[in-house]
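Step one of this worksheet: look at the structure below.
The values are calculated or read from the model by the stated rules, or taken from the named source; none is laboratory data. Remember, predicted model here, so these are calculated numbers, not experimental data. When we count neighbours, we look across all protein chains shown, and the Cβ atoms used for this are built from the backbone with ideal geometry, even at glycine.
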Amino acid sequence: MGKTVKRRPFSRRSLFFINIVLLLIPLTFFGYEPLLRSVGRFLIVSEQPETADAIVVLGGGDPARAYQAVQLYRDHKAPQIVITTENPSRIYEQMKRDGVHLFLPYENYLRVISGYGVPDDKILRVENYAGDTLEEMKQIRQFADQRRWKKLIVVTSNFHTRRTKLVARYVMEPDIKVQVVESQSDSFDPDAWWKNQKDIRTLAVEFEKFLSYSLYIWPRLVVRVM
């Protein structure tokens, strides 16, 4: 008769790893969506607006931003709406010379705001061109200082709110209080962004921009408070 082979019991280390695997299976199956939702929601910092001196609509987005500003105006959150001016693309001037007129984002904003009944004398525009959020916020700061405004509501796309809040803190505070409000009609869905290519790209690009802005701004904020 052959020798009986005795099987060694699992070591504590083996049991530990087996338990980890058994734990990760249900966590992966049931928990990945809550984790992905948390990633999407990280980008969004929307505040409950109080009354302010003006509502500012950041450029570069779709007309949902302007529409949200109209709703805030109708709710008497501020007596006027301010729009900014985004840098036009290179081809814009060439097409203009060729007689082909394109509507710039701020022109579409004007049509939305006026179309919903906001009087023309309640719509202001920062006419200096801005190439990015930081430059845009600096232009708004100068515009607000000239009018001695101390409180602003800034409207932007939902995925852009956290970066906007970071830049507003750096450029505006403590002299001007800024409340960042998301547009309610945005196409980016933080609770299902991984289900379509457009939202995946939006999240990836915005995270990259937020990181680069953070690396630039946070050291300067630390120096400021020291």
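Among the residues of region 87-109, are any at pLDDT 95 or above, part of a helix (DSSP H, G or I) and out of contact with any strand residue (DSSP E or B) (no Cβ under 6 Å at 6 or more places or on another chain)? No, every residue in region 87-109 fails to be at pLDDT 95 or above, part of a helix (DSSP H, G or I) and out of contact with any strand residue (DSSP E or B) (no Cβ under 6 Å at 6 or more places or on another chain).
For region 130-137, the count of residues that are touching a residue at least 60 places away in the same chain (Cβ under 8 Å), over 25 Å from residue 35 (Cα atoms) and outside any helix (DSSP H, G or I) is at least one.
In region 174-198, the residues that are without any contact (Cβ under 8 Å) to a residue 60 or more places away in the chain form Cβ pairs under 7 Å with partners that are of a type in the set (A, V, I, L, M) and surrounded by 14 or more Cβ atoms within 10 Å (Cβ to Cβ), at six or more places apart or across chains, as follows: 176/144; 176/152; 178/152; 178/154; 178/168; 178/172.
Filtering region 39-71 to residues that are surrounded by fewer than 19 Cβ atoms within 10 Å (Cβ to Cβ), in contact with a Pro (Cβ under 9 Å, 6 or more places away or on another chain) and assigned to a helix (DSSP H, G or I) leaves 39, 41, 42. Within region 162-173, identify whether any single residue is surrounded by 21 or more Cβ atoms within 10 Å (Cβ to Cβ), in contact (Cβ under 8 Å) with a residue 40 or more places away in the chain and either touching a Cys at 6+ places or on another chain (Cβ under 7 Å) or assigned to a strand (DSSP E or B) (or both), and answer yes or no. The answer is no; no qualifying residue exists. For region 138-157, residues that are part of a helix (DSSP H, G or I), more than 14 Å from residue 178 (Cα to Cα) and either touching a helix residue (DSSP H, G or I) at 6+ places or on another chain (Cβ under 9 Å) or of a type in the set (D, E, K, R) (or both) total 1.
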